[in-house]
Amino acid sequence: MHYPPGKAPLAILILAVISSALLLLFPPAKKPENKLQVWTFAKAHYDAYSKAIPEFERTNPGTQVDVQYVHLRAVTTRMRSAFASDLPVPDLLETEISKAGSFFLGPVQDIGFVDLSEELHKPQPDGPPWIDRIVRSRFAPYTSRRVIDGVEKDFIFGLPHDVHPVLLAYRRDIFEAHGVDAEKLTTWDAFLTEGRKIMKAMNGDGPKNHFLIELNDSSFEHFEVLLFQNGGGLFHADGTLRIDDEEAVQTMLWFVPLVAGPDRVAYSLGWNFELMNRSQENKLLLSVLMPDWFSGYYQKYVPAASGKMALMPLPAFKPGGRRTSTRGGTMLGFPKRAPHFKKAWELGLKLYFDTESRIEQFKEFNILPPTREAWRHPALSEPSPYWSGQPIGKLYAEQADNTPPQYTSPYIILAKSKIGEALSDCVKYYNAKGATGFEQYVRERLKRSGDEVRAMKTLNPYQ
């Protein structure tokens, strides 16, 4: 008998029936009670955890920990599939800050991560609850605010791996050679005024071969850092979109003339360390926005800047204003269906909040630990030859409590994409027409991006 659709579909059907029968007869073996699995998307984290886990296994006899290095895209797609089905899940899962909100879609009972609020508020034998020992703003990206029985409640679905304050790295040698003490330039107005003078002196009447600062003119990363510093954001705590509010408008009006037009002072290299090193060899860039984690990369891959750069708090938008921002981050979540939460929680505290473990990571990657007690460790006060002898850990720690919150949403990735599109269009407009009609265009273009995100949000009855 001939099967009408062809032989291939028939073969697939037969294989499906056979595989289903085999699964019923031989279900997947459950993970051993004494084995924990950790997924991380960051190679640096994988290396650090591989060093810390042997001690955890020694102090927890019989427990084995399997750390897996999983590509970030695979982390998000595999976990969404796992949460929506009966696929296996790890006991601990790391995801990047901008991806975390994508897991918080739908009713709170359907979110795949354990709500950690109760655990975080428990008093600890060695001090206050964890919620009071960590910069509160760092929980914002991993928190979903919901109305339950008429009462607003914050559900915290992840631990913060970091704080990631941002400082300004500047060419100390060049500023000093021009008689400028950069650390006295406490506002952006002052920094830009003096920086333009140095640029003019270095470039003369020729082409621009020296720029004051690295800022991207077509992607949201640098704009976002300065938007946060200026009191703006992508969402409010309640999930309300704000990429087209007045803070966003004013930041865009300030930012675009720095990266576009004949008087621009910024240049962008992209994510290319060879170019970054060359840019310091030829003095292309005089300053760089420098989150703590990026300073570690700079030390490793930009040797040309060694001993020539120094760090300072970001210049403020207004006198007395915030002098830092934040960029990047990592969340540690605990899937609900993982059977060993108590032991997984213990491991999570070891990897994230154990001072000695985190200081070892700081020594290698410059990532400031999230707990305040770790900031008192002597290692943070050690001078760094690369950064002109400065105690960089102490400098980052001094700004950590001032880092702005990054409120999240299931639509955070879309919002970042749309504000990036708006930035690109505003740059294109300014390059073509300058200041003429620019403010009106910025307002209209940001609103268009905002409306596109809000249109998507209307499809979700839970947000």
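The table that follows gives values for the structure above.
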item	result
Projected label distance in nm at ASN34 and LYS428, using a 7 Å step from Cα toward the beta-carbon	6.2
With DNA, RNA and ligands ignored, accessible area of THR408 (1.4 Å probe; Å², nearest 10)	20
Heavy-atom accessible area per residue - the chain, 1.4 Å, Å²	46
Under the Karplus curve 6.51 cos²θ - 1.76 cosθ + 1.60, θ = phi - 60°, whole-Hz ³J(HN,Hα) for the range 315-320, x wherever Gly or Pro sits	x, 7, 6, 9, x, x
Residues with amide H under 5 Å from that of SER384, placed H, sequence gap 5 or more	GLY389, GLN390, ILE392
Per-residue ³J(HN,Hα) for the range 393-410, Karplus 6.51 cos²θ - 1.76 cosθ + 1.60, θ = phi - 60°, Hz, x for Gly and Pro	x, 5, 5, 5, 5, 5, 9, 4, 5, 9, 5, x, x, 10, 6, 9, 6, x
Antiparallel bridges, percent of DSSP beta bridges restricted to the chain (to nearest 5)	70
Inter-probe distance in nm under a simple model that places probes 7 Å from Cα toward Cβ, at ASP154 and ALA201	4.7
³J(HN,Hα), Karplus 6.51/-1.76/1.60, whole Hz, each residue of the range 73-90, x for Gly, Pro	5, 5, 4, 5, 5, 5, 6, 4, 5, 5, 5, 8, 8, 9, 5, x, 10, x
Using alpha-carbon coordinates, inclination of helix 246-259 to the longest axis of the chain, degrees	60
Sites SER81 and GLU57 - FRET efficiency at Förster radius 25 Å, r taken between beta-carbons, to 0.05	0.25
Listed residue pairs exceeding 24 Å between alpha carbons, taken from LYS308/LYS428; LYS208/LYS418; LYS318/LYS428; LYS153/LYS457	LYS308/LYS428; LYS208/LYS418; LYS318/LYS428
Carbon plus sulfur fraction of accessible area for the chain, probe 1.4 Å, in percent	55
Listed values [x] 22, 51, 23, 4, 0; [y] 24, 58, 18, 0; [z] 26, 61, 13, 0, entry calculated as P(r) over Cα pairs in 20 Å bins from 0, in percent	[x]
Whole-angstrom gap from the range 54-100 to the range 398-420, using each part's C-alpha centre	24
Point-to-point label distance, VAL147-LEU105, nm (Cα→Cβ direction, 7 Å offset)	2.3
Over the chain: helical MRE at 222 nm, DSSP H runs n ≥ 4 each giving -39500 (n - 2.57), nearest 500	-13500 deg cm²/dmol
Alpha carbon centroid spacing (whole Å) that separates the range 166-212 from the range 285-357	26
For LEU285, residues with placed amide H under 5 Å, excluding near neighbours	PHE211
Calculated FRET value between GLU360 and ARG136, using beta carbons and R₀ = 22 Å, to 0.05	0.30
Residues listed by number, the range 72-95, amide nitrogen under 19 Å from SER417 label point at 7 Å toward C-beta	72-81
R0 of 41 Å, Cβ-Cβ distance TRP254-LEU349: FRET efficiency to nearest 0.05	0.50
Extension gain from LEU269 to GLU176, taking 0.36 nm per residue of separation minus the Cα-Cα distance	31.0 nm
Stretchable slack from ALA237 to ASN277, in nm (0.36 nm times residue separation minus alpha-carbon distance)	10.5 nm
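The values are calculated or read from the model by the stated rules, or taken from the named source; none is laboratory data. Quick caveat: nothing in here was measured; it's all calculated off a predicted structure. Virtual Cβ from ideal backbone geometry, glycine too; neighbours counted across all protein chains shown. The protein model used for the area step is the full one, side chains on, heavy atoms only, and it has no ligands, DNA or RNA in it. Shrake-Rupley method; radii C 1.70, N 1.55, O 1.52, S 1.80 Å.
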